[in-house]
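Below is one structure; the comments refer to it alone.
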Amino acid sequence: MRFSARTWKAGDNINTDLILPNRAFYLTPQEQTQFVFSANRPGWSDLVVKGDILIGGHNFGMGSSRPAARSLRNLGLACLVAESINGLFFRNCVNFAFPAMECPGVAAAFVEGDVAEVSFEDATIVNRRTGVRLLGKSMPAELRAVVAAGGLFPLLEQQGYIASRASA
Amino acid sequence: MGMTIAEKILARASGRERVAAGDLVTVQVHTTVLFDNNFMPNNWPDVRRIDHPDRVVVILDHRVPAPTIQAAGAHVTARKFVERFGIERFHDVGQRQGICHQVVADEAYALPGTILVCSDSHTCSAGALNCVARGVGGPDVFFAACKGETWFRVGSTVRYELRGHLRPGVTAKDIFLHIAGLYGAHATQNIEFGGPALAGLSISARKTLATMGAELSCEFATFECDDLLLDYLRSRTSAAFEPQHPDADADYAEVRVIDLDTLEPLVALPDSVVNNSRPLSEVAGTTIDQAFIGSCANGTLEDLHLAARVLTGRQVSPKVRLIVTPGSQRVYLEAARDGTLAQLVESGALVTNPTCGACGGGHMGVLGPEETCITASTRNFKGRMGDPSSRVFMGSPATVAASALAGVIADPRRYLP
Ligand code: SF4
């Protein structure tokens, strides 16, 4: 998994209510993406282009178990690289197939709009403007396999446990 | 080096001799709890097969009774699922209703030494029962329900050694606010609670602390097992279990001693409870529109008793809506029987049926633009309880009750003997 694209930045302690607010609760997964950061950065979701990379601060994704990682994925973001990622949110990233990496120092190394090159195999992120290269925490191979498989729902589907993918 | 409680439980459930921080383990899940949100059309994957239906519990709680057609539809899907797989432990809207984490404690569905998952972040609540429990996401809760297993990254453990006694008007919620204010997030870490003060902390108080572990972003928040817990469990279940105790030489990332005698009532300012606690005196006098007591953290009988002690013989300010939501029908019934509900209503509180309700901003107490609320619940994120411009302070049930009387954030010790 390698990505190269323009970056957006989010701050510290970004919580799941900011990514997927209650107001979007009954909408379809695709409709829910319009509400990402609507409370703290109205209009932002319209600016995201497919393949963009999100750079987060500390404790990214704190909060509830709601499928907020699915919203970031469905918004078209390629991956998340953050100073640190909330454990529950990280589970949702893996299990909804949204590549996510913890990388101390990443917030300071990027100005919004910088182009990043991210490799999950090497656990690295490079800032193309400054040339700075940072080593993140590598995702265990077992979990990378889950991401590569499209998350847990496709696995359950193949094994006959579920009929359809709620991950759409 | 020895193992912490969480490490011991994870080792047992993964069939390993030992685990240590940094390991990735696949574990048997003893109990999987599904709730109404799992059955919403945008989350429900149409389950066709389940390996161990006897390990699955279904509890409808977040939006009950159904406030919308969509919520009602999710309930219908849940009932069909329960019927199809013969799930016995089903808490439908009605007689057995309650917030899932309160029901898990009421019914002792979480047992010492076991692993429990649910796709609600406050699942760590069951850690009060010497259980390794955590909130997982939608995909992994269905994976666990279907196949009876899941994966965990093993984190390091911070132990809180509790000493002394809480003073009147100071509660477990204040212990939490103290920890959150002083130490902030515990991401990737387990929290373990023990120490001599445990004997004086009720199961409800422990449950408040364990539940609030979600706000600290910890992996698990687990309590030691003692006689109080054993008595509690034996009065509720005949199931066998093996409590797990930490080794004397367990490898802790840090041991932090908290002297309960030194604590004061605290309040978290709006938008976050991490690194955001203040002494009550700093915010006293802030005008409020709504006061809420409830949720999986503060909807216990003990919480209702405490609120009633503050309120009895006094009237809620006419400018404030005090909403009290018992955590479960069991709590509700006990509070009705012992007169607590009558005291609350006489003082002007609005007592609702058990549900998540105002805590999640789903129904029964949603905040309007620019409104201010003080809540004894779990979370005060921007916009969580209603309009994004509303402000939510967090305190103990005693502080919330006192504030409802005063119409402004107020110190409960004024009203307690
Ligand atoms: S009471 Fe609040 S925190 Fe607890 S499960 Fe319900 S919505 Fe979540």
What residue among B:255, B:187, B:380 has its Cα farthest toward the positive end of the dipole of chain B, where the charges are +1 on Lys, Arg and -1 on Asp, Glu, each on the Cβ? B:380
Give me the net charge for the shell around residue B:179: Cβ to Cβ below 15 angstrom, other residues only, Lys and Arg +1, Asp and Glu -1. -1
Within 10 Å of each candidate Cβ there may be at most 11 other Cβ atoms; applying that plus a DSSP loop requirement, which trypsin sites (Lys or Arg not before Pro) in segment A:27-113 survive? A:50
Segment B:267-414: antiparallel DSSP beta bridges as a percent of all, rounded to 5: 20
Spherically averaged projected area in nm², based on the convex hull that wraps the Cα atoms of segment A:38-108: 4.6
In Å, descending, principal axis extents of the Cα set of segment B:323-417: 39, 31, 19
For segment A:4-10, Karplus-derived ³J(HN,Hα) couplings (6.51, -1.76, 1.60; θ = phi - 60°; whole Hz; x for glycine and proline) come out as 9, 5, 5, 10, 10, 10, 10
Counting only protein heavy atoms and rolling a 1.4 Å probe, how much accessible area do A and B lose on contact, total for both sides, in Å² to 100? 3900
Over the Cα atoms of chain A, what radius of gyration and what Dmax do you get, in Å? 15.2, 49
Cα-based Rg of segment B:161-230 per 2.2 N^0.38 Å, rounded to two decimals? 1.06
Zone of residue B:237 (label point 7 Å along Cα→Cβ, backbone N under 17 Å): which residues in segment B:56-99? B:56-59, B:88-91, B:99
Which helices pass in chain B if a helix is a full DSSP H run, must span at least 27 angstrom along its long axis by Cα, and must have mean Kyte-Doolittle hydropathy not below 0.0? none
Given all pairs of different Cα atoms, what value in angstroms does the Kirkwood hydrodynamic radius of segment B:264-355 take? 14.1
Expected output for segment A:20-41, residues with a loss of 40 Å² or more in accessible area relative to the chain alone at probe 1.4 Å, reads A:22, A:25, A:26, A:39
Just checking the output field for B:47-54: average partner chain Cβ neighbours within 10 Å of each residue's Cβ? 2
Along the Cα→Cβ direction, 7 angstrom out, place labels at residue A:41 and residue B:26. What is the inter-label distance in nm? 3.7
Loop by DSSP (not H, G, I, E, B), at most 16 other beta-carbon atoms within 10 Å: where is the longest site-free stretch of chain B for trypsin sites (Lys or Arg not before Pro)? B:50-235
Whole-Hz Karplus couplings 3J(HN,Hα) for segment B:38-55, θ = phi - 60° and coefficients 6.51, -1.76, 1.60, Gly and Pro as x, run 4, 9, 5, x, 7, 10, 7, x, 6, 5, 10, 8, 9, 6, 9, x, 6, 9
Pop a pseudo-label 7 angstrom from the Cα along the beta-carbon direction at both residue B:230 and residue B:247 and give the gap in nm to one decimal. 2.3
Counting all Cα-Cα pairs in the protein assembly as shown, those more than 44 Å apart amount in percent to 12
In angstroms, what radius of gyration and Dmax does chain B have, counting Cα atoms only? 20.3, 61
Which whole number gives the average count of other chain Cβ atoms within 10 Å of the Cβ atoms across peptide B:298-309? 0
Roughly to the nearest percent, how much of the accessible area of segment A:2-139 is carbon and sulfur, given a 1.4 Å probe? 54
In segment B:378-417, which chymotrypsin sites (Phe, Trp or Tyr not before Pro) are in a loop and have at most 15 other Cβ atoms within 10 Å, using DSSP for the loop call? none
The set of residues whose placed amide H lies less than 5 Å from the amide H of residue B:322, leaving out same-chain residues fewer than 5 positions away, is B:291, B:350
If you average the C-alpha positions of segment B:318-362 and of segment A:128-155 separately, how far apart do those two centres end up, in angstrom? 46
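The values are calculated or read from the model by the stated rules, or taken from the named source; none is laboratory data. Just so it is clear, the model here is predicted, and its values are computed rather than measured. Here the Cβ is made from the backbone with ideal geometry for all residues, glycine too, and neighbour counts use every protein chain on show. Ligands, DNA and RNA are excluded from the accessible area calculation, which covers all protein heavy atoms including side chains. Shrake-Rupley method; radii C 1.70, N 1.55, O 1.52, S 1.80 Å.
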